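Student: Have a look at the structure that comes next, please.
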Amino acid sequence: MGRPASFDPIVVAVSAPRHRQNDLERLATVAAERHRVILLESYPYYFQPQTREMLALLRGGAIGTVQSVQACFGFTLPSSEDNIRMKPDLGGGALLDAGSYALSLIRLAMEAAPVRMSAEASWADTGVDISMMVTLAYADGRRAQLSCAMDAAYHRRGTIVGDRGTIDTEFLNTRAHGRPATATATFRACCRALRCRQHHPF
């Protein structure tokens, strides 16, 4: 498995009843540490060329200091009643599914954890959040926003705003309609497209 540059290990729970998640997390963490590998959620966009270029631009100061990030991911569930995402006891809901991807992009760009958050959700009859919008506040005064939904047309994009430029990016798990994922950086009156040249489908 590839390893992103300068990336902290990320531990996630697998889909399991809540009372078993901590045990599974501990077992997975021990196994990862024993074999000296990173344990992380399946976020293929971490390892795509446009993400590497995006991180290089961010860390090189191309858009200046990141001031805010907006990230969204939404889709429509095909058959919601039997879908695991609709089961609260299995960690269902828009935030824990689609929202985790949007939050991962925010975390990459902001390079810090928020200190406060506020959220508005719409709830399904099963008790899970079917959609949610979240505002994240950081200790230095910066803000980020994420939106996630399981009752909307497919969308998945992020905008990173610096004090000298912006980056608009897709952070896809799969190829978008047969084309590579893209990111576009705008800075110093220039526009640079960063394209994921994927030779094989994900």
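The values are calculated or read from the model by the stated rules, or taken from the named source; none is laboratory data. Here the structure is a predicted model, which means the values were calculated and not measured. Neighbour counts are summed over all protein chains in view; Cβ atoms, including those assigned to glycine, are modelled from backbone coordinates with ideal geometry.
Student: For a quick check of your reading: which strands (runs of 3 or more DSSP E) sit entirely within region 67-182 and have at least 1 residues that are crowded, with 21+ Cβ neighbours inside 10 Å, in the same structural domain as GLN50 (by TED's automatic domain parsing) and within 19 Å of the chain's Cα centre (by Cα)? Break it down stepwise before answering.
Tutor: On the way: elements: 116-123, 129-137, 143-149, 151-162, 165-169.
Those strands (runs of 3 or more DSSP E) span 129-137, 143-149, 151-162, 165-169.
Student: Still on this structure: Please identify the pairs in which a residue from region 35-58 that is outside the structural domain of ASP97 (by TED's automatic domain parsing) and surrounded by fewer than 21 Cβ atoms within 10 Å (Cβ to Cβ) has its Cβ atom under 6 Å from the Cβ atom of a residue that is at pLDDT below 85 and of a type in the set (Ser, Thr, Tyr), counting only partners at least 6 apart or on another chain.
Tutor: none
Student: If you don't mind, there's one more thing I want to ask. Show the residue pairs meeting these rules: Cβ distance below 7 Å; 6+ apart or different chains; first residue within region 118-146 and more than 18 Å from GLY91 (Cα to Cα); second residue basic (Lys, Arg).
Tutor: Listed by first residue and then by second, the contacts come to THR135/ARG143; LEU136/ARG143; ALA137/ARG116; ALA137/ARG143.
Student: With the requirement that a residue be in a helix (DSSP H, G or I) and either of a type in the set (Ser, Thr, Tyr) or farther than 27 Å from ARG164 by Cβ (or both), what does region 40-66 give you?
Tutor: Of all residues in region 40-66, those in a helix (DSSP H, G or I) come to 44-47, 49-59.
Within region 40-66, PRO44, TYR45, TYR46, PHE47, THR51 meet the criteria.
Student: Give me the pairs, please: first residue somewhere in region 18-31 and assigned by TED's automatic domain parsing to the domain that holds GLY91, second residue anywhere and hydrophobic (A, V, I, L, M, F, W, C) and modelled with pLDDT of 75 or more, beta-carbon distance under 6 Å, and either six or more positions apart or on two chains.
Tutor: Close Cβ pairs (under 6 Å, with a partner that is hydrophobic (A, V, I, L, M, F, W, C) and modelled with pLDDT of 75 or more) do not exist here.
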